[in-house]
1. Could you please find all residues in the stretch A:127-139 being touching a helix residue (DSSP H, G or I) at 6+ places or on another chain (Cβ under 9 Å) and under 20 Å from residue A:203 (Cβ atoms)?
2. Only one of (1) more than 21 Å from residue B:264 (Cα to Cα); (2) outside any loop (DSSP other than H, G, I, E, B) is not met by residue B:120, so which one is it?
3. Among the residues in the stretch B:545-566, are any within 25 Å of residue A:569 (Cβ to Cβ) and without any contact (Cβ under 8 Å) to a residue 60 or more places away in the chain?
4. Say we look at the stretch B:337-370 and pick out the residues that are outside any helix (DSSP H, G or I) and at pLDDT below 95; which of these is surrounded by the fewest Cβ atoms within 10 Å (Cβ to Cβ)?
5. Look through the stretch A:87-105, keep the residues that are out of contact with any helix residue (DSSP H, G or I) (no Cβ under 9 Å at 6 or more places or on another chain) and either at pLDDT 80 or above or closer than 20 Å to residue B:250 by Cα (or both), and return whichever of them is farthest from the other protein chains (Cβ to nearest Cβ).
6. Got at least one residue in the stretch A:106-116 being assigned to a helix (DSSP H, G or I) and modelled with pLDDT under 95?
7. Identify, from the list B:27, B:76, the residue that is more than 33 Å from the chain's Cα centre (by Cα) and not in a strand (DSSP E or B).
8. Tell me which of these residue A:332 doesn't satisfy, since it passes every other one: (1) in contact with a helix residue (DSSP H, G or I) (Cβ under 6 Å, 6 or more places away or on another chain); (2) more than 14 Å from every other protein chain (Cβ to nearest Cβ).
């Protein structure tokens, strides 16, 4: 937990300000609750990233009471399915008090699972071969939400059992109406015991944050509930969570919440955080007075109302560029690059980021379809996508079909985030990352359009750009110093950290740059070069040690020129060095220009 | 409007599938509605970006009826304020029928503004000196939502007036209860006429998209309503919009909506889109049967339920880097750069993007506070921030205080988006863009820590890096060819497009690179150089024409060496060219390395 942040300071001030409010009355329908200290006051917030902020009595244990109801509803839904539960408990708000015995006259169902009638029915729906089994299932269920081992307060449990005649009446009525199966006394025991579970606001904030995270506990990382059931629980909490005055709550606060008679309130900011407050004094409706006020203040002070979302679907598109600005780490010869640049419009890359929901998908697909360049290859770089809603897969499949109808190809690259459904990349040609996708496209362009001598063909050392412009006798002097060798795949030309004392002219095959002195063919590739390229050439100006390893990807033929040999030649023939350095500067200037182009693309 | 996209195809299929459903009955309480063709069926969706998708009878006009109610509520709120309206109309859902005459017994208020009692009261609250004034205000109000001129259907209006006894009874009861002031007959005329406004689903989808965009019409760009009132209207629509069965609607669909007896339904996806459907046959509750089904299908097929949001607050942080990776366009000497790099930890830059709401702010501030580097200068690069919720300004102010307490400085750069409140940047030291902020920090580091000869001091031509390592007689030969000159601020050293035939050695003052042959001191700066730098040096290897203009920012002294002169010197002294080209290659290699570092930062 952070020890001093603006949010923590805010919560500390709020807690001490509201602590001075002495209104409200502690629940007294059972002796065990009536003895609660009205001054106790804890607030906890847990974000969907699992960060916790706690102030006041956030580790003081109290009985969970009605705050248990949405969680037990979730267990019943998990164990019995939505349809089975729907036949026995409705989802309609009611203006009645929480302990009303009234049910929906049309269907005989309790109005919703967050009033006592409904909660007793859902408790009876939790699976188990015996009462002990069911209890274990309930405790396990709660622990998946709180991430902490929980025990019941036996004194409160006994007290509830003794004074629970109204709930007893409800249970028998529910059995009479056919909504409850099994022994009502056993179900009541489970119900009372579950209401007596001891929790803290720290626990409940983690539980609320789990509901805010689509059912995945952000602290333990474990899923407590499926996403669909989680959505259902939040909807019921939103309309039925705060007893009556649901409309005013919807207007002033707006987020799903649930209160309990011990003085606890939880509130859920979907996609943001879970909130829990504990303060025993209750208002006339039976909600924690300070708990309500904390929610109202947080909603107002931080603009948390769910309808504030103004959205930014266009933000899904981080950037877009053509093939002439794309560049795989597979190096090409200058003439190959010229060919690729000439056909740059054949590829468009769209970089996406964040959540891909309905509005983002609509924007992205509309942008691609309206793009006047109409590139043959349409690649979406998804490495920064955090989530693709599985509902939207058909839209991308439709886009792939629509493009295919005019001979165009959809490519999905780098959609590897945990939030991307595995079937998503099945809708189109797919690559692990955009570098592979661009290399694949470059290969196509070269195969289709390139007519010169490419990096695939063997190239004599005299073709080297670094040696261009040398007079015949100068060239002969250099060639006399060059040594030839052949390497197998995986062999090192040079290792990271070793002296940089020569330049390698690549005559055939492919060489890659990889990080680490113990790199293998499986290490990440920084760049790759084909025949005609010079590698390790910065040795000529910098010396020192290699900053990366050079490795043969295939069988390669190389010609090696040492710095010492060049120094020797240049003593007699200074124009050799002038020419080679000029060529090197020209090549570096070209690469610097490409790098600056890339920076402009990335930094826009 | 797009003509062929996956979303449009989906809507076309949905429309033709549901068109075959012949259930439901057209409203017949007034003759003018009873004659509606039950086969009419239009669907329109307008996104928060203003893109429209329409299928079926989306341009067929119909009377707006009860879909007008949330908009008139908005006008009453705008004209009278929340408090005044709240005293006369509640916000609580009711299980009663839309034309129920029952009011809240405690307060005598209509339950909410979306039933007839409430809507008649809100109509009476719209300001105007006369009935004609009030009507003009209502029409203007609607037009700000639809962005199109609207007229009323006089036949329907007459028919409503004739058969409106129940509403007449409501109006008189409301005056009796003190909820309505003025002439009930005049208010009823306004009410009936407003229900008779002719609209299409295209109109209503724009109106719904306005509600989805925080009250700003995404097609006209005009604000129809303040953000706070917009939020209130959506809350009331969510709990009271679909007559009864609000709970089931909340679970299955979840987004705010409103239906009308002519067969229209609007639905709002906050931050995403507005939806409108028209299909006259109604279900037993009085909602458009196909309209309801379209909303259910859209919600289910695209995962639109508002509680699905799993959020990605961590996505607010696009990247972070230290001062050694930051680099203003103000070029420094190599020794200055070394000093800046040595003190790189003195600056941390945090790049943010998208919406800055509660959860994003919490994450960002927590990340900054927990960052172990604890840089003295903490800069937030906000150029990609689309919105900062004004509620969060105090959190950033608190962060600035908290940093200041330990001698640290918060810097806000580039927060220029329309969605950023102007007072936001007032909480800390602020710059128009991150380049200015980094330059300001670099200046501080140099002023505090730099001990060598910097780019602020005049530097003789012999200090030039390009000339380093030349033998004395070679250097003398070069100096003999150099010409000296002094330029005033704003003068060109070279213009874009002119031949690149010389290199300029900067001896004092500052020179900038700007785009365009007619650049001025106000044109965007690509880079800037101080004394000791060589500018235009690529002329030595590339020739051709200048790709940008070089301009004196201050009074500058320069020494110029032409390519032709260097060629002449090198004929006698080939080592001069070898040395200069080697220096140039070394300088380019350094810049390429920095550019690649920057690419790695940007591309991570």
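The values are calculated or read from the model by the stated rules, or taken from the named source; none is laboratory data. All of these numbers come straight from a predicted model, not from anything done at the bench. Cβ placement follows ideal geometry from the backbone for every residue including glycine, while neighbour counts extend to all protein chains displayed.
1. Passing the criteria: A:135, A:137, A:138, A:139.
2. Of (1) more than 21 Å from residue B:264 (Cα to Cα); (2) outside any loop (DSSP other than H, G, I, E, B), only one is false for residue B:120: (1).
3. Restricting attention to the stretch B:545-566, the residues satisfying the condition of being within 25 Å of residue A:569 (Cβ to Cβ) are B:566.
Remaining after also requiring without any contact (Cβ under 8 Å) to a residue 60 or more places away in the chain: none.
No: zero hits.
4. Of the stretch B:337-370, the ones outside any helix (DSSP H, G or I) are B:343, B:347-357.
So of that shortlist, the ones also at pLDDT below 95 come out as B:351-357.
Values: B:351: 23, B:352: 24, B:353: 22, B:354: 20, B:355: 23, B:356: 26, B:357: 25.
By that ranking, first place goes to B:354.
5. Per the criteria, the residue is A:87.
6. Initial filter on the stretch A:106-116 (assigned to a helix (DSSP H, G or I)): A:116.
From the residues that got through so far, the ones that are modelled with pLDDT under 95 too are A:116.
The answer is yes, given that some residue of the stretch A:106-116 is assigned to a helix (DSSP H, G or I) and modelled with pLDDT under 95.
7. Values: B:76 fails: more than 33 Å from the chain's Cα centre (by Cα).
Exactly one residue qualifies, and that residue is B:27.
8. (1)
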